[in-house]
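We did not get these values from a lab; they are worked out from the coordinates using the rules stated. These figures come from a predicted structure and were not determined experimentally. Because the Cβ atoms are built from the backbone with ideal geometry, glycine has one as well, and the counts that use them run over all protein chains shown.
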Amino acid sequence: MLSCQQLQFCARNQTPSQGKKLHAHLIKSGLDQCGTLPNNLLDMYGKCGLIQDALQLFDEMPHRDLISWASLLTAHNQANIPHRTITLFPKMFALDGLKADHFVFACLVKACASLGALKLGKQVHAGFLLSLFCDDDVVKSSLVDMYAKCGLPDSARLVFDSISRKTSVSSTAMISGYARSGQKSEAVELLRGMAEKNLFSWTALISGLVQSGQWIDGFNLFIEMRREGVDIVDPFILSSIVGASANLAALELGKQIHCLVLSLGYESSLFVSNALVDMYAKCSDILAAKTIFDTICRRDIVSWTSIIVGMAQHGQANESLSLYDEMISAGLKPNKVTFVGLIYACSHVGLVSKGRYLFKSMVEDYKLSPSLQHYTCLLDLFSRSGHLDEAENLLKTMPFKPDEAAWAALLSACKRHGNTQMGVQVANHLLSLEPKDPSTYILLSNTYAGASMWENVSKVRKLMGVMEFKKEPGYSCIELGKESLVFYAGETYHPMKDEIFGLLKELDEEMKRRGYVPDTSLVLHDMEQHEKERQLFWHSERLAVAYGLLKTVPGTVIRIVKNLRVCGDCHAVLKHICSIVKREIIVRDANRFHHFVDGRCSCRDFW
DNA sequence: TTAGGGTTAG
């Protein structure tokens, strides 16, 4: 006969077969004759993720106590079905006349935290305060986590302050709450005050900062953690820090972290390799992303979605769509994110019916309800391919209120496909929405100019003047080995200014010989023509490209990261430059990737 | 028996 210790061994090693034998034996000899063993067995089933076996045993038990119920509820939390934990709980009183103890409270709070169910969580909190267990620190600790996960760090703090003996667990939950809601200094202060900082607390801090977009802070703290000599004994923090390099589009940094992953031996962690696929795609090295993807043994939906979306963003739509077919053949079920990538891919190559089919398939075959992003992608698909009536119809009938970007996409399509009448209607509507994006104003001005509506043109131009003050300064970043350089728009003061100017001038002359005419309609200022051209000449992406051409080995790819969208004139210029210098130039702008090769761009001039 | 940290879109 197995002992309680042996069952614990089964649970720890995820080897339930011995336990199952015991189950059979217990049924034979009568479950009421076995003391606490049925509860131990229940616990083991839960820890091994065998929820059906746990439920079966539970139903067979003639005497169920608080421990049986706590074990069963915990098993549901562990099996990642917290909604079942919640629905099961009322049966505790209904079937066995039992009320929640501190173990059950902790379990319910955890379920609410996983579900992000704040209202329910507050009810459980109230029940806990009115119970005999209202001083229990473990339940309080789980409440801190619940409020933190629901985005209420102040509520979490109130509970945290009421804990009499704070542990690293409660502090970590609080740190995570602060960091995820962007309260860096509070999170850091708490971590520094901890008697025993461990990998968990560092991970909570750094991952939280990365999630709230404070990537550089996340990196600096990671460096501090390494300096303190904290052992990285599991890969959690690595997937976060890989994610930070992805968001910074910092390829060299990402490569260094990849090396660290390899040296620590975590390359086979699925979370880490998925993050690496995304990182290489976001850092514009889609080939490296595909290489990592190919080495993953057990790909999950995140691995497939990352590469599908990556390929789509890099303009490799057909590759993206065939990866989807492969994924379905491999037996995986797509999720909402997968479909964003797929419809995006279709819009890149004008596969209208395929995109329509995928949208329908998402709803009908996979029962996924489309979000605003799915509608935006579909709208983009219709607009790009000139199905303007369908685009307008979608915009008016979709169950979301279309935003400025959605209306602007339609307007841009009207202009591109020469539909002035619809263009003016859309422009009038867009203007009434008081748009925020400067490029919307350019679009509006051009539309009214195309329709000879000069009064409206001057009205838009006036508004543009006001907008100019609010515009975020444009900059482009280029990485060359360990050096990373940022160029702002306007004349540069870089020590290599003269060389940069000389090269751009030379390229400008060659471009003009090839038929390039500067498109000054994109310059917002009211100034002379030659001054407008001068403005364009000093756009940050051109400075960065010129610097890249001067400093890199011929034949290598030039990678630029830009904070704003590439302007139409620079887009035309970069197409010329890549063909003149015979180099591939990859620009990641605020919206998408542009691969400039042989005088063409992967975005097919629509962005 | 109960509590803390990780990946994918825009």
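Ranking A:89, A:445, A:501 by Cα position along the charge dipole of chain A, where only Lys, Arg, Asp and Glu carry charges on their C-beta atoms, puts A:89 farthest toward the positive end.
Sort out the exposed loop trypsin sites (Lys or Arg not before Pro) in chain A (DSSP loop, at most 15 other Cβ within 10 Å) and tell me the longest stretch that has none. The reported range is A:166-297.
Among the lysines of the stretch A:242-361, pairs that are 8 or more positions apart or on different chains and have alpha carbons within less than 19 Å of each other number 7. Considering only DSSP beta bridges where both residues belong to chain A, give the percentage that are antiparallel (nearest 5). Once the DSSP bridges in chain A are tallied, antiparallel ones form about 80 percent. Remark: the stretch A:299-402 carries a charge dipole of roughly 240 debye about the Cα centre, counting +1 on each Lys and Arg Cβ and -1 on each Asp and Glu Cβ. A quarter of the convex hull surface defined by the alpha-carbon atoms of the stretch A:1-69 gives 4.0 nm² as the mean projection.
For a test of the definition: using alpha carbon positions, the gyration tensor, and the 1.5 limit on a/c, classify the stretch A:476-601 as rounded, prolate or oblate. Verdict is rounded for the stretch A:476-601. Distance from the Cα centroid of the stretch A:270-324 to that of the stretch A:351-383 is 21 Å (rounded to whole angstrom). Extents of chain A, taken as max minus min of Cα coordinates on every principal axis and listed largest first, are 95, 54, 48 Å. Between the alpha-carbon centres of the stretch A:172-212 and the stretch A:473-510 there is a gap of 39 Å. Relative to the longest principal axis of the Cα atoms of chain A, the long axis of helix A:199-211 lies at roughly 40 degrees. Axis angle, to the nearest 10 degrees, between helix A:540-551 and the longest C-alpha principal axis of chain A: 90 degrees.
Binning the C-alpha pair distances of the stretch A:299-402 at 5 Å intervals from 0 yields a P(r) profile of 2, 14, 24, 27, 18, 10, 4, 1, 0 %, listed from the shortest bin outward. Taking a 26 Å limit on the Cα-Cα distance, which of the listed pairs A:482/A:532; A:21/A:47; A:551/A:575; A:119/A:436 fall beyond it? Correct reply: A:482/A:532; A:119/A:436. The GluC sites (Glu not before Pro) of the stretch A:194-296 meeting both criteria, a DSSP state outside H, G, I, E and B (loop) and at most 10 other C-beta atoms within 10 angstrom of the site's C-beta, are A:196, A:228. Relative contact order for chain A: 6 percent, from Cα pairs under 8 Å spaced at least 6 residues apart, divided by residue count. At q = 0.14, 0.29 Å⁻¹, work out log10 I(q)/I(0) for the stretch A:430-471 with the Debye formula, treating every Cα as an identical point scatterer and leaving solvent out; two decimals please. Result of the Debye calculation: -0.26, -1.04.
Short-range pairs are left out: with C-alpha atoms under 8 Å and at least six residues apart, the relative contact order of the stretch A:437-573 is 31 percent.
For helix A:66-78, report the angle its Cα long axis makes with the longest principal axis of the Cα atoms of chain A; keep it between 0 and 90° and round to the nearest 10°. Once rounded, the angle reads 20 degrees.
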